[in-house]
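Beneath this line is the structure, given in structure tokens, with notes to follow.
Nothing in this text is a laboratory measurement; each read-out follows from the coordinates by a stated rule. Predicted model only: the values in this text are computed from it and were never measured. All Cβ positions, glycine included, derive from the backbone under ideal geometry; neighbour counts span all protein chains shown.
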Amino acid sequence: MIIVVVISLYPVLWMIVSSLRPEGEIFSNPTLLLTDFEWKNYEYGWTALGTPFGQYLLNSGVIVLGSIIGNLVSCSLAAYAFARLRFRFQKPAFAYMLVTLMLPIHVVIVPQYILWAQLGLNDSFWPLIVPKFLATDAFFVFLMVQFIRGLPKSLDEAARIDGAGHGRIFFQILLPLMTPALATTTIFTFIWVWNDFFSQLIFLTSPEKYTVPIALRSFIDAQSSSSFGAMFAMSVVSIVPLILIFAFGQKFLIKGIATTGLK
């Protein structure tokens, strides 16, 4: 297992080491040994695109924060409706929601772009945040539905005897018990949105609104010289938030995955 871990981590370690090498030695030296530290890659990479790289980190942070809040609110409410309420066409609606998991983003991105273009909201963060408040991520809805189904219905019945309605049952009884599922949703949303490139490239055109993935791609130019040292340096900076959120949320992530799907 240690050997497999070392092999899996080698590209990441090589990227970190390459961010500290001179530009001419990056592809000529495949080892992880450093003879000299080239901190200029970080200094140059931070301002190489004309806008400080911190602005791209901030843009990604805004989109990620909005996406997390949207998924937590909308997906948990939709999951409660599917798991606890009884309404007409419930099973077909749930099946239709699951079918959307098989739709690639390339199928829906064109009508979404046309819709937001008609609203005049392209080249803004709204097309990337607003859909999250409409429970469009079926994976998280399904995850929370399975988690809620694993909670005893006697809790709902006891609260209903005390006069609680659906609002109080959800917010005061079930929601506090859904911490593992909510934490799993938070971590996955952070990782997926932070690393998203395609949809952000489609909707964002102004350089000052670029996110981290688009900014990193801007270091590579097919028609002129590419700054691989600076790109690797900023790539190292961009993975720090991912490592931190995974380190702090690993316990909840494992617990949420382990308990989801059990009835």
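Here are the numbers:
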quantity: Cα-derived Rg over Rh, computed across the range 22-141 with Rh taken as Kirkwood radius; calculated: 1.19
quantity: Cα centroid separation, the range 146-180 to the range 1-26 (Å); calculated: 48 Å
quantity: Separation in nanometres of the label points that stand 7 Å from Cα toward Cβ, at Thr47 and Ile243; calculated: 2.6 nm
quantity: For the range 49-259, size of Cβ-based charge dipole, Lys and Arg +1, Asp and Glu -1, in debye; calculated: 780 debye
quantity: Kyte-Doolittle at least 0.0, axis length at least 20 Å by Cα - qualifying DSSP helices, the chain; calculated: 2-18, 53-84, 179-195, 228-259
quantity: Likely footprinting exposure, Ile220, Ile2, fewest C-beta neighbours within 10 Å first; calculated: Ile2, Ile220
quantity: Sparse-neighbourhood loop sites, chymotrypsin sites (Phe, Trp or Tyr not before Pro) in the range 1-76 - DSSP loop, at most 14 other Cβ within 10 angstrom; calculated: Phe27, Phe37, Trp39
quantity: Segment Val73-Gln55, extension gain: residue separation times 0.36 nm, minus the distance between their alpha carbons; calculated: 3.8 nm
quantity: Length gained when the stretch Leu98-Asp162 is fully extended (0.36 nm per residue, less Cα-Cα span); calculated: 19.5 nm
quantity: Zone of Ile173's modelled label, taken as backbone nitrogen in the range 115-157 under 16 Å from a point 7 Å along Cα→Cβ; calculated: 148-157
quantity: Relative contact order for the chain, counting Cα pairs under 8 Å that sit 6 or more residues apart, in percent; calculated: 32 percent
